[in-house]
Structure formats: C-alpha cells, structure tokens
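Here's the structure, in structure tokens; my notes come after.
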Amino acid sequence: RMALASHSHRDPGGTYTFSSRPRAVESRSKYREPPAEQYYGNIMYDRRVVRGNTYAQHILPTVSQPDLAEVQRQQAVRKRILARRRAAEQLRLRTPEPLQGRRHTDVQTDLFLEELSEVIEATDTECQTDEFLDRPATPLFIPAKTGKDAETQIEEGELFNFDTEVQPILEVLVGKTVEQSLLEVMEEEELACLRAQQRAFEELRNNELAEVQRLQEQERRRREEKERRIAQQKEVLKKERETAEKVAALVYTQQYLSSLLPAVFGSLRDHGYFYDPVEKDIETNFLPWLVAEAHANLEKRHASRELLDSKINLINSDYLLLGLSVSQRRPQSLFQFK
Amino acid sequence: MAGSVTLPGRAAVAFGRWSVPLLFGQLDRKEGCLVPVLASLCDLIHDPEKLYQTVTGGFVEQLKVCLEDEDPAVRRKTCELLQLLTGHSTGRQALLSSSLLPPLSEMLDDSSSSCRRNVHLVLNGIAQLPAGAHALLPLVPKLMLKLSQEEEEEEVEVLLLSTLSCCSRVDALPALASDGVPLLGRKLSHSSPSVRREAAAAMMALSVPVDGKQQVCEEQILPVLVDLLQDDDLEVRTNAAGVVMNAAIITAGKSLSLELNVLPVLLDLLSERPEEEEERRRRKALVLYCLRALTSLAEAPKGRRLLREQLPLLERRTEDRDQDILRAAQTAIRVVTWTP
C-alpha cells in the first residue's frame, strides 16, 4: 500500500509533523468491554517521565519551521562560544619558558613534603600451596547397621543362558525356513493339481481327437469308395453307350456302303476309267498316226488334184485366151506343159 | 537381540511392501554380489502376493540384464527365478509379453550346464500354457537340433522332450519338418523310463497330422511301439497306446499294426482290471487309448474278424462306471458289429 491514510515525516526544521486523511469512524460496540487488566506502572520507572532538573533541558522549539536566520544565529552562537573558549585558553597565565640551561620543576613548598609519584606502592606477595600430599584414605565409613543382611551371588551361567537366548534366533530361523517351505509346498501342490488337471484334459482331448480323426478317415474312405464306385459305374455306362453307338454306326455304314461299290464302279466305268490298255494304246498312238498318214495321203492327193485343177484351169484359161475349145485340145500338150 | 537374522547366502529383506522393490533396486544398482539378492528374491517369489507385486511393478524387464551377466551363478539364479514365475498364470503372461524370450533362447547354448538346465525348466514352464507353446514354436527347430546332439543329461532330455510335446500339441508341423519322427524313434528305446515316456508323448502329439501318421508308419516306429506297450512303466504304455491309436487311423497304419500282431497286446492291456479307485483312475487313459485303437483297427476287415471273437471282453468294458470308457466301448462294439 503506497498511499497510506496517515503519514508523518520530519520536516527540515526538525519538527515532527503528522497528517492523516479523514477516516470513517470504526464501528465499535455500544457498550465497552469490561476493562481489561490495567497495568499500573510505577511513575518513577517510566521512561516517558522527565527526571531531574528541567531548567537546562533541551526542549523542543515551539516553532516547527525555524527559519534560516534562526539557524544561522545558532551557528554563530556556537562559533562564538568556541572562539571565547579558545581565547580564554590563550589568555590564561602561564609561566614563562625557561632560559637556556635552566629547567623548571615543580616544587612542593609545604611543611610536609609529599611524595608525588605515580608509582603506586605495591607489594608483591606470593602464596604457594603446599605440595599435595596423598590424601589419606578416608576411614571406612561404616554406618550403623540398619536393616537386614541379604546377599546375592551370580552363579555361573546365570547372566547368559544359552538355551533361552538362542530361542528367539532359532524361532526366527526355523520360522523363516518353515514359512518358506510351506510356500514352496503349497506352490508345488498347486502346480501338481494344475498338471493333473491338464493331463486329464489332454487325455480326453487326445481321445476325442483320435475318435474324430478316425471318423474323418472313415468318412473319407467311404466317400472315396463311393466315388470310385460311381466312377466305375459311369465308366461301365459309358462303355455300353459307346459300344451301342459303334454297333449302330457299323450297321449303318454297312448299309450305306453296300450300294456304294457298284455305283462307284459304274460311274468309273462311265467316265472311262476302265480301259483296255492295248486298245487305248491303239487309240492314242496308232490311230492318230494312221489318221494322220491317211490325212497326209489325202492331202497329197488333194494337193495333186488341186494342182491338176489349177493346171486345167490354167490351160483352160489359156485355151480360152487362144480361143480354142476344149474339144480341140490335144491331150498330149497338157502333159507338155507339165 | 542380535541384528537381522538372515539365512546364510541371502541378502537382507525389508519388511512387507518394500521387500520386493528394495531387492530389485539393489539388483539395478549392482552393488556387490548379486547372487544373495537373487536367492532372497527366489525365496520371496514363492509367495503369490510377492509374485504379483513383481509382475505388476514391471521388475521383470530388469532381469534381462542379469541374464546377460558374466557370472554363471547369476544367470542360473535368474533362470530359477524365471522358472518360479512360470508357476503362476500372471507370471507366465508377463514373461510372454516381455522381451525375455530371445535372451533365453540364446542361453540354450550357454557354457554352464546348470544354466542350460534351468533355461530348459523355464521353457518347459512356458510351454505348458497354450499361448506360450505358440510363442515357442519358432524355437522348435533349435530344440530338435539340441535333442539330436545328445550331449545333454537325462533330466535335460526329459525337459526338452516335454517342451517339444507341448509345442507339438499346438502345432506339430515345425517338429515334423525338422525330422521329428526318426529322432524321437531313436529316443523311444532309451534306457530311462522318463525319457521313453516323454518321447512317446511327443510322438503322440506328432502323429496327429496326417503327415506324421504316414511318417510313423514308414519309419518303422511301430515295432518299437509294440515293445513299449509291454513296458513296465504305466505312463510309457499309455503313451505308446496313444501313438498306436493315432497311427491306426490311416490304412497303412492299420495294415502294419495287424501284421505286427498288435491286437492281442491291446486286448491284454484292456483285460486287466484293478480294483482300487486310484489305480483305476491312472489306468483310465490307457484303457481309453486301447479302446480307440481297437476301434480303428476294427475298421479293417481282418481286424474286425479277429475282434468279433473278442466281443465279450469289449462288452464287459461297457459296464464300467466311467462315462468316457463307456462311450468308447460302445463305439468299439458298434464298429466291430458293422456290416457293409
């Protein structure tokens, strides 16, 4: 909180000021509480009370803000006091300085001389304790006997009895071992149970598995057998059908072919594929030659006749030219011209 | 009294709620020797409450650092701790969801044999859970390799075979792919009954898919199984009967079994009737498997003929009290008296 409701400060004059903002009155209860225990203090011992003579007390100046002149005046006063003191010091009468070769000393002029010395007379005393003597043994203090006499004696082995001492240790050791072994035995039992259960299950499972496999195998065998038989049956049927077809085909072909042969032969013969080779030969070779020869012969005759005709024509034409007739011609001259 | 009394070789354990976090804090800061701290943790984890606190507090991840420590004792103890975790369902699930499986699988090739044994214990624990077996499937080839190397002790072999059989029950194909059947066939003639038992169980799991059945018939496993059917140990006989049951489902199995004269052996096994409840319960699996095997064999004509003569024996079995045996016997009778 930077801005306090109240603040106080020392102003430069050394006075103390205090100002505070107005504050709301705090609510307080209507009735005062019963007065708390009041501590009465002794006025004599109260630090707030001024003691002694108050004439020379340094009172606070009534003016809170002493002005500059006041401050300066006070400083001057102080200086003046100091100067006065110094001056007084200067003016104090002193004995003059001693001359050369002399010395001033203080002398006592009273009737009785006093030794003025600063040395305080002191005496040295020393004290030394006696050498320590061995303290003589105190005489045994034997008080008057009161009470009853009782005695006790620690027998051998009473402070430490091995059997009782070892018991806790043994208990711990044995207890731990037994606990451990109990755990292990329980675990082994559990495992044995689990294994027995597992084994029983395995046996049943193997059993059932074998049964299942046997049935599967049986199924498979039967199915295969069935399929084989069916296949066999099919084979047989197919064979039968094939044979029937073959027989039918055979009969049909026989029937078809029976008339084929004569027809074939007939058509072949018709087309002239069957021939007598000699005849053929004669036909192909001899006859054409013969014909050719005959033709040639005829050609020759034809040619000769043509020639003859032409000759005759020529002669005729000559005779015509000559104006002769045919009847007058002489047959010999025909040949002459030839 | 003396100061805190602790068992030798264990670190001090705080009381109540602070026990587990404090110990894990010590592990984290790696002050001094870690083995006592791990030993105390092992003791504490037996308690289910503390185990729950470990799992929910997310401390399991810190164990990863301990797994890769140089000291074999530290690694061994950490594996013991993990094995205890697999004893409870929350622990198993925490293990599966954490990233601890790769370091574990690397530790299979660890130099210290006790470490390897403990790792196998952990893997076996995980494999009991189906989800765990599923998660372990990628490891199956490596495990088969380990099995074939044959340098492990018997206990480790048993654990390995048990893990493999659990994984193969979920999915048998990886194991089959890495030559499971011949390898297991060799183990079937091992001298120790527990190894034989586990090998027969694994073989039973492997013979569930058809591939497995065929391999079982091809690899001459059936003669060995007939020997095992007359073994002394009940479990071995049970598992061998299970394998025969599975193998007899396919035709090749049927014919091979009939050749090897399995029928009389199975009938002998059926005809023993102990009176006490306990013994009867243990023999239940054997009886069931024998009945199923006979059912499968009865589907072959030759088997059916032989079994028709033995019908009274089967009918006696239908009077048994147990529901499953009853059903199995009825099925058997039905198959035997079936005519095409």
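The values are calculated or read from the model by the stated rules, or taken from the named source; none is laboratory data. No experiment lies behind these values; they were computed from the predicted model shown. For neighbour counting, all protein chains shown are included, and Cβ atoms are generated from backbone atoms with ideal geometry for every residue, glycine included.
Among residues that are without any contact (Cβ under 8 Å) to a residue 40 or more places away in the chain, more than 10 Å from chain B (Cβ to nearest Cβ) and either surrounded by 11 or more Cβ atoms within 10 Å (Cβ to Cβ) or within 19 Å of B:Gly125 (Cα to Cα) (or both), A:Glu227 is not included. Restricting B:Val265, B:Val224, B:Val243 to residues that are of a type outside the set (S, T, N, Q) and within 14 Å of chain A (Cβ to nearest Cβ) narrows the list to B:Val243.
Entry remark, the stretch B:164-187: residues being among the hydrophobic types (A, V, I, L, M, F, W, C), crowded, with 24+ Cβ neighbours inside 10 Å and out of contact with any Ser or Thr (no Cβ under 9 Å at 6 or more places or on another chain) number 4 in total. Scanning the stretch B:129-163 for residues that are among the polar types (S, T, N, Q) and surrounded by 23 or more Cβ atoms within 10 Å (Cβ to Cβ) yields a single hit, B:Thr163. Taking the stretch A:178-204 as the range and being more than 23 Å from B:Tyr289 (Cβ to Cβ) and facing chain B (nearest Cβ under 7 Å) as the test, the residues that pass are A:Gln180, A:Leu183, A:Glu184, A:Glu187, A:Leu191.
Can we say A:Leu170 is surrounded by 10 or more Cβ atoms within 10 Å (Cβ to Cβ), hydrophobic (A, V, I, L, M, F, W, C) and at pLDDT below 85? Against the criterion (surrounded by 10 or more Cβ atoms within 10 Å (Cβ to Cβ), hydrophobic (A, V, I, L, M, F, W, C) and at pLDDT below 85), A:Leu170 does not qualify. Against the criterion of being modelled with pLDDT of 80 or more and among the charged types (D, E, K, R), A:Asp124 qualifies. When B:Ala12 is tested against (1) surrounded by fewer than 15 Cβ atoms within 10 Å (Cβ to Cβ); (2) within 14 Å of chain A (Cβ to nearest Cβ); (3) touching a Ser or Thr at 6+ places or on another chain (Cβ under 8 Å), only condition (1) is not met.
Among the candidates B:Asp268, B:Asp322, B:Asp227, single out the residue that is modelled with pLDDT under 80, more than 26 Å from A:Phe201 (Cβ to Cβ), surrounded by fewer than 16 Cβ atoms within 10 Å (Cβ to Cβ) and of a type outside the set (Ser, Thr, Tyr).
B:Asp268
For the stretch B:246-262, the tally of residues that are within 13 Å of chain A (Cβ to nearest Cβ) and either at positive phi or aliphatic (A, V, I, L, M) (or both) stands at 5. Taken over the stretch A:87-118, the criterion of being surrounded by 10 or more Cβ atoms within 10 Å (Cβ to Cβ) and either closer than 30 Å to A:Gly13 by Cβ or in contact with a His (Cβ under 9 Å, 6 or more places away or on another chain) (or both) is satisfied by A:Pro98 alone.
You will find that of A:Gln233, A:Gln218, A:Gln213, the residue that is part of a helix (DSSP H, G or I) and at pLDDT 85 or above is A:Gln233 and no other. Of the residues making up the stretch B:235-249, those that are over 13 Å from B:Leu288 (Cβ atoms) and within 16 Å of the chain's Cα centre (by Cα) are B:Glu235, B:Val236, B:Ala240, B:Val243.
On inspection, B:Glu61 fails the criterion of being surrounded by fewer than 19 Cβ atoms within 10 Å (Cβ to Cβ), more than 14 Å from chain A (Cβ to nearest Cβ) and assigned to a loop (DSSP other than H, G, I, E, B). Going by what's in this entry, would B:Cys33 be described as touching a residue at least 40 places away in the same chain (Cβ under 8 Å) and away from chain A (no Cβ under 14 Å)? It is false that B:Cys33 is touching a residue at least 40 places away in the same chain (Cβ under 8 Å) and away from chain A (no Cβ under 14 Å). Checking each residue in the stretch B:88-103 for being surrounded by fewer than 14 Cβ atoms within 10 Å (Cβ to Cβ) and assigned to a loop (DSSP other than H, G, I, E, B) picks out only B:Ser99. Applying the set (1) surrounded by 23 or more Cβ atoms within 10 Å (Cβ to Cβ); (2) more than 10 Å from chain A (Cβ to nearest Cβ); (3) over 20 Å from B:Val170 (Cα atoms) to B:Thr238 leaves exactly one unmet item: (2).
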